[in-house]
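Dropping the structure in here first, questions after.
The values are calculated or read from the model by the stated rules, or taken from the named source; none is laboratory data. Nothing here was measured: the structure is a model prediction, and the numbers come from that model. Every residue, glycine among them, receives a Cβ derived from its backbone with ideal geometry; neighbour counts consider all protein chains shown.
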Amino acid sequence: MAIVAIERIRLGAVAKDKQDAIRQAGELLVSSGCVAPGYVQGMLNREQTMSTYLGNGVAIPHGQHENLGDVKSTGISVLQIPDGVEWEDGERAYLVIGIAANADEHVGVLANLAEVIEDEDAATQLAHTTDAALIVERLSHARETEV
Amino acid sequence: MAASIPASSVDTIVFACEAGIGSSIMGVNALKKKLKQAGLNINVVHKPVRSLPADAKVVIAHKGLANFARERAPNAVVIAFSQFLNDPVFDQVVQKLKNGDTLTEVK
């Protein structure tokens, strides 16, 4: 199964706060069969101890070690919030990327994501695109990783 | 706890993570890239904080895990950061290693 899949992408979302955004990103993982519902609470708990905000409007909420048993298959959800939601003081997230993984299959996707975060134009484009296929393409397109 | 270590004794940096699912993978990659760009041949290994090797010499950990890392690896120089990508601490560590300076604890 593809790690980044169109059924786990929601464009034009609205979130009232960070917790709401995490629940929505988590729900996409639940409904597509990547995780059991309990994983979403793990995502919320994790965020309280360490923020997953990475910069340039991107956050990557995911569960904790104790939630790995709730992961059924590796998958990444994308909640695009064109107006953004406050993640940390003065930092808004426009792309909320939910991660479910119990192996290293998604490391290439994270490397692609790192490139997007370094490229402000690319990050802005994905935060406002109305074409979900563009997000799939940008995150799953195989690139040479340096690691 | 070791308070410092000379750059010449650093051949491996242990990057401590919680679950190893997301943020720390981004951090490990960012640090490896910076070391490579600086021309430094230093290994970065990714370990859950709960199973840090007790003989680790240098551990990099998010500030939320740093105290736990100090308990697990009492002889290591533990360097805490707050952002997984582009934390200024990463650049300081790379610069010190490049200059052959001494690495010290960062709380």
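Can you confirm whether residue A:28 is buried (at least 21 other Cβ atoms within 10 Å of the Cβ), outside any loop (DSSP other than H, G, I, E, B) and either away from chain B (no Cβ under 14 Å) or on the phi < 0 side of the Ramachandran plot (or both)?
yes
With the requirement that a residue be surrounded by fewer than 23 Cβ atoms within 10 Å (Cβ to Cβ) and on the phi < 0 side of the Ramachandran plot, what does segment A:43-67 give you?
Answer for segment A:43-67, where residues must be surrounded by fewer than 23 Cβ atoms within 10 Å (Cβ to Cβ) and on the phi < 0 side of the Ramachandran plot: A:44, A:45, A:47, A:48, A:49, A:50, A:51, A:64, A:65, A:66.
Restricting attention to segment B:58-95, which residues are of a type outside the set (Gly, Ala, Ser), modelled with pLDDT under 95, touching a helix residue (DSSP H, G or I) at 6+ places or on another chain (Cβ under 7 Å) and more than 23 Å from residue A:114 (Cα to Cα)?
B:68, B:72
Just need a number here: residues in segment A:33-58 that are at the interface with chain B (Cβ under 9 Å from one of its Cβ atoms), more than 22 Å from residue A:83 (Cα to Cα) and β-branched (Val, Ile, Thr).
Matching residues across segment A:33-58 total 1.
One residue is enough: does segment A:90-110 have a residue meeting the conditions surrounded by fewer than 18 Cβ atoms within 10 Å (Cβ to Cβ), more than 14 Å from chain B (Cβ to nearest Cβ) and not in a strand (DSSP E or B)?
no
So, one more: Residue check, residue A:80 against (1) more than 20 Å from residue A:11 (Cα to Cα); (2) more than 14 Å from chain B (Cβ to nearest Cβ), all met but one. Which one?
(1)
Here's something else I'd like to know. Determine if segment B:41-55 includes at least one residue that is over 26 Å from residue A:104 (Cα atoms) and not charged (D, E, K, R).
no
Where the second residue is assigned to a loop (DSSP other than H, G, I, E, B) and the first is without any contact (Cβ under 8 Å) to a residue 12 or more places away in the chain and lies in segment B:4-25, which pairs have Cβ atoms under 7 Å and are six or more apart or on separate chains?
The qualifying pairs are B:21/A:63; B:21/A:101; B:22/A:52; B:22/A:60.
For segment A:59-75, which residues satisfy the criterion of being over 23 Å from residue B:65 (Cα atoms) and either touching a Leu at 6+ places or on another chain (Cβ under 7 Å) or within 8 Å of chain B (Cβ to nearest Cβ) (or both)?
A:75
Okay, moving on. Which of (1) within 25 Å of residue A:20 (Cβ to Cβ); (2) crowded, with 16+ Cβ neighbours inside 10 Å; (3) under 15 Å from the mean Cα position of the chain (by Cα) does residue A:70 not meet, given it meets every other one?
(3)
Among the numbered criteria (1) surrounded by 15 or more Cβ atoms within 10 Å (Cβ to Cβ); (2) away from every other protein chain (no Cβ under 12 Å), which one does residue B:18 miss?
(2)
Name the single residue that is surrounded by the fewest Cβ atoms within 10 Å (Cβ to Cβ) among those in segment B:36-65 being in contact with a Lys or Arg (Cβ under 9 Å, 6 or more places away or on another chain) and either within 11 Å of chain A (Cβ to nearest Cβ) or among the acidic types (Asp, Glu) (or both).
If we take residues in segment B:36-65 being in contact with a Lys or Arg (Cβ under 9 Å, 6 or more places away or on another chain) and either within 11 Å of chain A (Cβ to nearest Cβ) or among the acidic types (Asp, Glu) (or both), then B:51 is surrounded by the fewest Cβ atoms within 10 Å (Cβ to Cβ).
Can you name the residue in segment B:73-92 that is touching a residue at least 40 places away in the same chain (Cβ under 8 Å) and assigned to a helix (DSSP H, G or I) and is also farthest from the chain's Cα centre (by Cα) among such residues?
B:91
I'm checking my understanding of the structure. Among residues of segment B:84-107 that are closer than 21 Å to residue A:50 by Cβ and surrounded by fewer than 19 Cβ atoms within 10 Å (Cβ to Cβ), which one is farthest from the other protein chains (Cβ to nearest Cβ)?
Applying the filter and picking the extreme gives B:105.
Filter segment A:41-70 for residues that are more than 14 Å from residue B:22 (Cα to Cα), modelled with pLDDT of 95 or more and in contact with a strand residue (DSSP E or B) (Cβ under 9 Å, 6 or more places away or on another chain) and give the result.
A:70 - this is the single residue of segment A:41-70 that is more than 14 Å from residue B:22 (Cα to Cα), modelled with pLDDT of 95 or more and in contact with a strand residue (DSSP E or B) (Cβ under 9 Å, 6 or more places away or on another chain).
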